[in-house]
Structure formats: C-alpha cells, structure tokens
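Structure first, commentary second.
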C-alpha cells in the first residue's frame, strides 16, 4: 500500500517524545557571555559571486574562507514577522496542517515532530522546503559525523558550507526564509540518519532562519524555533554565529547547523 500524503518518517522514530531533547537544550540557554575570539586577519580568498555556480576546488584554509564569508554581511530584519512566529501553543493548527490531505478512511496523525512545526512555519510565510540532503541533491549537508572508538566525530563539509552561507544570505535579502536541520550535541539520538550513507546525519531538530546581523561577537543568522521565543533583542539562543572553523553554531557551541534545505514557493 502506498504511504499516505501525510506520512512523516519522523513520527516513526524513537524521538517521539521531547523531554530529553528539551533538557539537553536548556542548560545552554543559561550560558554566560564569553569575550569574542582574537582573530588573525588574512587576505580573503576569492569566492564565487553567485551561489548557483559550480564552486571551485577548495585550496584555502577554513579561516581564510571565514574571513571571506563574513564580509558584506548586511543586516536583515526577520523576513517573517514576529506575529507569525509558530510556537508550541499552536499544536492544533500544526496538526490540521499535517493532516490536511488525509484521505477518507486513513488515520490522521495525533503526534507532532519538530519538523512539522518548522514546515508549518515555512507554510504560513508562503513557502515550502526541500528534502533531506541524502534524498534531495538540491539540499546541502554541511556537517556530518563518523563513528570512531565508540564516539561520533564531526566533520565540516567546507564546500557545502560555503555554498550554504552564500545561499542563505541571498535568500534572506530576497525576503525568503530557509529551513535548516540542526544538531544538539548533548542530545544523543540521530533520528534523521539514513543507513545507506557512509556517514551519520547528525540532524535532531529543525528551525527556520529568518534574518542576519552582526554584533561584538561576530556575524550570525537569526532563526525561529517553535520551542521557545527569544527573550529580547540581545538574546543569543536564537542565533547561529559563523565561526572561524566554518561552523554555524551557537556562540558557546553545542548547537550547530547540520543541513540546509533550499526554499521553494508554494
């Protein structure tokens, strides 16, 4: 029997309940601000001007690319108005959204995943998103993990990250949000992993990037997460900073972008 339109593979994984994920995320919200890193500025490498063009072979160090990517980081207010920020309190609206095409006789879903909220966030803004990178070649896997001595060792995919940063910047300045998969390092499950890939897909949560700016700690993308509302204009728990390692992560680390999905009109 074919899968119904409303089928969501996230509903079939062990990450159906969220208390453990919530507990993993909460301690980082109380982190104390640290001083910005002292950076050594090098001449930036040439970078493609159009993210849709094929990227050249990478011959520069990550810090060189970091210095290049952080240039021309023009501020952009949220492209989705705060009044349209999808929150946990909107579960009934999200359920109606995921079950909108349920055929007669099929059982509607009663549980929700973080992807459902992020996907609905895109929908209320007038957009839809692409698929996971292992199944959609237009999406970008910018962080992977490999098993090593019983642990998972992360690896930044530099070329994909360069393309992703350029794409997000271009999209935002066209008033287009971008759905991304993130990895909360202190939460162990990797429910988005596909066994056919030679690496582990570390995504275990989804959010929507809506803006960008710069502060004393560096350049960052701002995002909406259904799980919590930002506490104010100086809130850092809804920002992914571009680091010299070319990671897009929280200021203090521990939560980072793992995949970037291209946005499409409804």
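Key figures
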item: Residue in the stretch 79-95 that is more than 21 Å from residue 263 (Cα to Cα) and touching a residue at least 40 places away in the same chain (Cβ under 8 Å) present; result: yes
item: Selected residue [modelled with pLDDT of 95 or more, outside any strand (DSSP E or B) and in contact with a helix residue (DSSP H, G or I) (Cβ under 9 Å, 6 or more places away or on another chain)] from 246, 212; result: 246
item: Members of the stretch 141-162 found to be closer than 21 Å to residue 245 by Cα, part of a loop (DSSP other than H, G, I, E, B) and out of contact with any helix residue (DSSP H, G or I) (no Cβ under 7 Å at 6 or more places or on another chain), listed by number; result: 157
item: Pick from the stretch 128-140, criterion buried (at least 21 other Cβ atoms within 10 Å of the Cβ) and out of contact with any helix residue (DSSP H, G or I) (no Cβ under 6 Å at 6 or more places or on another chain), ranking: modelled with the highest pLDDT; result: 139
item: Any hit, the stretch 173-183, residues being without any contact (Cβ under 8 Å) to a residue 40 or more places away in the chain and closer than 25 Å to residue 265 by Cβ; result: yes
item: Residue 169 vs. criteria touching a strand residue (DSSP E or B) at 6+ places or on another chain (Cβ under 8 Å), closer than 15 Å to residue 143 by Cβ and crowded, with 17+ Cβ neighbours inside 10 Å; result: no
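The values are calculated or read from the model by the stated rules, or taken from the named source; none is laboratory data. Just so we're clear, the structure is a prediction, and the values are computed from it rather than from any experiment. Heads up, the Cβs are rebuilt from the backbone with ideal geometry, glycines too, and the neighbour counts pull from every protein chain shown.
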